[in-house]
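The values are calculated or read from the model by the stated rules, or taken from the named source; none is laboratory data. Just so it is clear, the structure is predicted and the values come from calculations on it, not from any experiment. FYI the Cβ positions are ideal-geometry reconstructions off the backbone, even for glycines, and counts take in every protein chain you see. In case anyone asks, the SASA skips ligands and DNA or RNA and just uses the protein heavy atoms, side chains included. Shrake-Rupley method; radii C 1.70, N 1.55, O 1.52, S 1.80 Å.
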Amino acid sequence: MGVIQGEAIRLSDVWVAYSGSGRPAIKEINLKVDYNSLILITGPNGAGKTTLIETCLGLLKPIRGEAFLLGINTKSRKVIKARRECSYVPQDFMKPSYESYTVRHVIKLGLAINACLFGLSELKVKKRILNIARMLQIEDLLDRPIGTLSGGQQQKVYIARALVREPKVLFLDEPFSSIDEESRHVIAKVVHEYVHRKEACALVVSHDVDPIIDFSDIIIHMDNGKITSIEVN
Amino acid sequence: MFEVAVIASLLSGGLCGLLGYYAQRFNIVTLSFSVAHAALAGASLALVIKSDVTYSALMFAIFFALGMGIISTRISPYERELISMGFFSLFNAIAIFMVYMSTSYVLSTVSISVVLWGSILAITKSKLILLAGITAIFMLYLFIFKPQIDSILFDRKLAEAEGIDVDLHTIVLLLFIGIAIAFTLRLTGGFLVFTLLYNPVASAMQLVRKAQWQQVLAPTIGMLAALLGLTFSYILDWPVGATIAIISSTILMVAYITRTIINMKLSRAARRA
């Protein structure tokens, strides 16, 4: 993959409010994210971190200002195509015990958009899934139903699903919340390597800055819906 | 004639059961009820303007499904429920109003029974072929888009974030619901057609927890309810739609009682352990 020109994300004076709420969840956000960078977004509860990444993805629309994902205005319907180049690991990921999709199937669902007609071959898909599972040390879980896994194991599966898509932009919302210290280091390293190997970019929201802070290129602090500081690491 | 009705009941029950499963998993059950009643309003209008009940129902259902499908992508789920319930009542009122406005001649024909309680006689071979065609197209749609639909069923928000056109699939599903209901209406009547959408999936959810099994069981229960309802109605000379509704509601009650007993036994076993 060659070097990708241009910016991955651009937000210009973006304000976002939830339906029925009188006050904005994020405001006055100006942000430009280039490829080949790992960005850590941190801040207290209610700072607007999740709102920020959902706005970047176009899942939430600005009430003021403009947001662009891969050069496409998120208010346009074309943003659906831009999202196909992105991956997202949501904060509320836990599936109930009776959810019977196997880990292999859940990871494969990440490639659903490529599965039609001229998509990837079954062999390539199998290979990709196995490689990612090896990297994240979940190879032995591949045939287990996702509902039977612990929170930490399920979180790793979602990260595997995000990476198997080989996205240009990776959004991870609290990806370490249920994961033990050793696995956190492995995941942080895998994400860091992926970003620089594929010239992609990653936005990682995390309360807990260890160990991802060591791998981050830029650290964004948020509070009360605003970006309070941007540090280059 | 009875053979045609048997095949139609199996197709209607199976298709509505399957569509009900997807409506439930897509969280558009209330919206699908409104589509069903749009079809009823359309069928009732046909009584007054003296046109074909099925095609009039089909027009209403398709336009409403398309319109609400597009609107629902721009509003919150709560607003969608609110508007759907509003239309649900409105379409019922239109249906009653149209029946009231019908001439005494129309009230003595088979058309009125199609709108109110369904009729075995109303199912013609041409309508049966159309219903079979719709079923085949829906199965083909499920086959082609299985990975995308599975992704939506697994996690709607994640599917949306990964670039799957969730809104478009929702509109397509609503259109299929509208079309299936317009054809099923001849068998069950307009007021009870939604029981074939909701009761089979509700029963399946009580009996099995795994989504894959619910997907198989919902259309199976739909087919069983429609077939048994048709048979009892034929033997006892009862209105077919009402009989199908009684059978499917009975299956739902039995499923609920079975689930309650299973849950009680499991709780007891857990306490002992």
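Among the residues of the range A:158-179, are any away from every other protein chain (no Cβ under 14 Å) and open to solvent by 60 Å² or more (accessible area, probe 1.4 Å)? Yes, some residue in the range A:158-179 is away from every other protein chain (no Cβ under 14 Å) and open to solvent by 60 Å² or more (accessible area, probe 1.4 Å).
A single member of B:241, B:178 is in contact with a helix residue (DSSP H, G or I) (Cβ under 7 Å, 6 or more places away or on another chain) and at pLDDT below 90, and it is B:241. For the range B:208-232, the set of residues classified as under 13 Å from residue B:20 (Cα atoms), within 14 Å of another protein chain (Cβ to nearest Cβ) and open to solvent by 60 Å² or more (accessible area, probe 1.4 Å) consists of B:216 only.
Within the range B:153-164, can one find any residue that is closer than 30 Å to residue A:109 by Cβ, of a type in the set (D, E, K, R), within 14 Å of another protein chain (Cβ to nearest Cβ) and open to solvent by less than 40 Å² (accessible area, probe 1.4 Å)?
yes
Every condition in (1) within 24 Å of residue B:150 (Cα to Cα); (2) within 14 Å of another protein chain (Cβ to nearest Cβ); (3) open to solvent by 30 Å² or more (accessible area, probe 1.4 Å) is met by residue B:80 except one, and the failing one is (3). Exactly one residue out of A:88, A:98 is within 30 Å of residue B:212 (Cβ to Cβ), modelled with pLDDT of 95 or more and facing chain B (nearest Cβ under 9 Å), and it is A:88. When the range A:105-125 is filtered for residues that are surrounded by fewer than 19 Cβ atoms within 10 Å (Cβ to Cβ) and modelled with pLDDT of 90 or more, only A:105 remains. Within the range B:111-152, the residues that satisfy the criterion of being among the basic types (Lys, Arg) and open to solvent by 60 Å² or more (accessible area, probe 1.4 Å) are B:125, B:146. Screening the range A:1-115 for helices (runs of 4 or more DSSP H) wholly inside it with 3 or more residues that are β-branched (Val, Ile, Thr) and within 20 Å of residue B:158 (Cα to Cα) returns the ranges A:49-56, A:103-109. Residue B:250 falls short on exactly one of the conditions (1) under 24 Å from residue B:181 (Cβ atoms); (2) crowded, with 16+ Cβ neighbours inside 10 Å, and that condition is (2).
Restricting the range A:179-232 to residues that are small (Gly, Ala, Ser) and in contact (Cβ under 8 Å) with a residue 40 or more places away in the chain, which is farthest from residue A:156 (Cα to Cα)?
A:225
Residue check: residue B:146 meets all listed conditions (1) more than 9 Å from chain A (Cβ to nearest Cβ); (2) closer than 30 Å to residue B:8 by Cα but one, namely (1). Of all residue pairs spaced 6 or more apart or on separate chains, those with beta-carbon atoms under 9 Å, a first member in the range A:54-70 that is within 14 Å of chain B (Cβ to nearest Cβ) and a second member that is among the acidic types (Asp, Glu) and assigned to a loop (DSSP other than H, G, I, E, B) are A:69/A:85; A:70/A:85. Here residue A:141 meets the list (1) within 11 Å of another protein chain (Cβ to nearest Cβ); (2) touching a residue at least 24 places away in the same chain (Cβ under 8 Å); (3) farther than 28 Å from residue A:45 by Cα; (4) surrounded by 15 or more Cβ atoms within 10 Å (Cβ to Cβ) almost entirely, failing just condition (1). Taking the conditions exactly as written (away from chain A (no Cβ under 14 Å) and open to solvent by 20 Å² or more (accessible area, probe 1.4 Å)), does residue B:202 satisfy them or not? So residue B:202 does not fit the description; no.
Within the range A:101-160, track down each residue that is farther than 15 Å from residue A:190 by Cα and of a type in the set (Lys, Arg). Listed by number, the residues that qualify are A:104, A:108, A:124, A:126, A:127, A:144.
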